[in-house]
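K.L.:
Here it is, the structure in full.
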Amino acid sequence: MLEIIKHPIVEHHLTILRDAQTSNAEFRHSGDVISHFLAAAAFNGLPLKAKDITTPMEKFTGSEVDCDIVFVPVLRAGLALLDYFKFLLPSAKISFVGLRRNEVDFNASEYYFSAPQFFDHTQFIILEMMIATGGSVTSAIRRLRQEGVRNFTVCTIIAAPEGIEIIQNEFPEVRIITASLDRELNSKRYILPGLGDAGDRWCGV
Ligand code: URA
């Protein structure tokens, strides 16, 4: 299940992210704006339960989100998405997966992992700024599945078709939401047209 967000504001901020002249302050801002749209799409359809309240005028039955959610930013660049996700759903828990890309064979190796307590119905939302080979996301899903996690959504700003195919082949049930499906990977497994190294640009290094 691949969902690609189409919105003029998203297009506008993707262009800022892609531009090599963009400062790291502008880069972070545009990443935040797009994260807002990703979060809104990821939360669309969350179950609600009735909540009785009293307005200043009368009694009223409203709604509250009835779901246990864990955000999983893939370190480093996945942190770029976290602020807006927790802004929209501050009660969610947070788990971290630290993966380092090996520049020789491009495989992802884990250097940090933490997960909170969860239930069978808990939904895990994996946050990754770019999906290139799909290595970091498949490693994160495999690792969380070892712990017993079953429900996954993956949110990313830019994805390459190669990475999406790898994730969908191994985990066809996973919902993937992206702001852009780019053309292809180059020989160094960077995304084209892409935006370069997302982690470096977001961290300002
Ligand atoms: N990670 C990045 O930061 N950029 C790419 O193009 C691919 C993976």
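The values are calculated or read from the model by the stated rules, or taken from the named source; none is laboratory data. All of these numbers come straight from a predicted model, not from anything done at the bench. Cβ sites come from the backbone with ideal geometry, for glycine too, and all protein chains shown count toward neighbours. When the accessible area is computed, the model is the full protein with side chains, heavy atoms only, and any ligands, DNA or RNA have been set aside. Shrake-Rupley method; radii C 1.70, N 1.55, O 1.52, S 1.80 Å.
K.L.:
For the subset of segment 145-174 comprising residues that are among the small types (Gly, Ala, Ser) and assigned to a loop (DSSP other than H, G, I, E, B), which member is nearest to Ser187 (Cα to Cα)?
P.N.:
Ranking the qualifying residues of segment 145-174, first place goes to Ala160.
K.L.:
I'm trying to understand the selection: among the residues of segment 159-174, which are out of contact with any strand residue (DSSP E or B) (no Cβ under 6 Å at 6 or more places or on another chain) and charged (D, E, K, R)?
P.N.:
Glu165, Glu170, Glu173 - these are the residues of segment 159-174 that are out of contact with any strand residue (DSSP E or B) (no Cβ under 6 Å at 6 or more places or on another chain) and charged (D, E, K, R).
K.L.:
Quick test for you: out of Gly148, Gly196, pick the one residue that is more than 12 Å from the ligand (Cβ to nearest atom) and over 17 Å from the mean Cα position of the chain (by Cα).
P.N.:
Gly148 is the lone residue from the list that is more than 12 Å from the ligand (Cβ to nearest atom) and over 17 Å from the mean Cα position of the chain (by Cα).
K.L.:
Among the residues of segment 107-144, write down those that are part of a loop (DSSP other than H, G, I, E, B) and either buried (at least 16 other Cβ atoms within 10 Å of the Cβ) or of a type in the set (Ser, Thr, Tyr) (or both).
P.N.:
Ala115, Phe118, Thr122, Glu128, Met129, Ala132, Thr133, Gly134
K.L.:
Related question: Could you please find all residues in segment 1-17 being open to solvent by 70 Å² or more (accessible area, probe 1.4 Å) and in a helix (DSSP H, G or I)?
P.N.:
Across segment 1-17, the qualifying residues are Pro8, Ile9, Glu11, His12, Thr15.
K.L.:
Phe37 is checked against (1) surrounded by 12 or more Cβ atoms within 10 Å (Cβ to Cβ); (2) more than 18 Å from the chain's Cα centre (by Cα) and fails just one. What number does that condition carry?
P.N.:
Phe37 satisfies all of (1) surrounded by 12 or more Cβ atoms within 10 Å (Cβ to Cβ); (2) more than 18 Å from the chain's Cα centre (by Cα) except (2).
K.L.:
Being modelled with pLDDT of 95 or more and outside any helix (DSSP H, G or I) narrows it down to one residue among Val97, Val70, Val104; which is it?
P.N.:
After applying the criteria, what remains is Val70.
K.L.:
Please work out which one of (1) in a helix (DSSP H, G or I); (2) exposed (fewer than 14 other Cβ atoms within 10 Å of the Cβ); (3) of a type outside the set (Ser, Thr, Tyr) is the condition Leu46 fails and give its number.
P.N.:
Answer for Leu46: the failing condition is (1).
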